[in-house]
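Note sheet for the following structure.
The values are calculated or read from the model by the stated rules, or taken from the named source; none is laboratory data. In this text, all values refer to a predicted model and were calculated from it rather than measured experimentally. All Cβ positions, even for glycine, are placed from backbone atoms using ideal geometry, and neighbour counts span all protein chains on display.
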Amino acid sequence: MRSAQLTGFDGAYLRATGLVEVYRAVAVEQLGTDLFGRLLCERGLPTGDLDDELLNAARAVTLLWYTGSWPGPPPFVVSPRAYAHGLAWRAAGLVAPATTPAGYGSWADRPAEARVR
């Protein structure tokens, strides 16, 4: 099962994040090579056809892509870059808080007034 199948984002977009190899390393370390290999070989989308171990692995990898964090135990954020490129932000049409030039606390500044013509 590939990440594109799990996330619904195409492979080109996932590669453009620059996190494919980082996430592969995290998944292998956390799942082990055997379970990770089984997950890669799975062809169908996560359905009732998967055993519990494989389904939990698919959920963990999906969460990794969407949030930049591994569910644990213990849960952890992979990196600030992984957080910023989490697919959840893209899916919601947002930018991750505190990752744009305006940065933390920018909410305290009054926004520019819109001109009405």
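Is it the case that VAL77 is surrounded by fewer than 19 Cβ atoms within 10 Å (Cβ to Cβ), under 12 Å from the mean Cα position of the chain (by Cα), closer than 27 Å to ALA98 by Cα and without any contact (Cβ under 8 Å) to a residue 12 or more places away in the chain?
Taking the combined requirement at face value, the residue satisfies it.
Scanning segment 55-73 for residues that are assigned to a helix (DSSP H, G or I) and crowded, with 17+ Cβ neighbours inside 10 Å turns up ALA57, ALA58, ALA60, VAL61, THR62, LEU63, LEU64, TRP65, TYR66, THR67. The C-beta contact set for segment 8-32 (first residue under 16 Å from THR62 (Cβ atoms) and of a type in the set (Gly, Ala, Ser), second residue modelled with pLDDT of 95 or more and in a loop (DSSP other than H, G, I, E, B), distance under 9 angstrom, 6+ apart or interchain) is empty.
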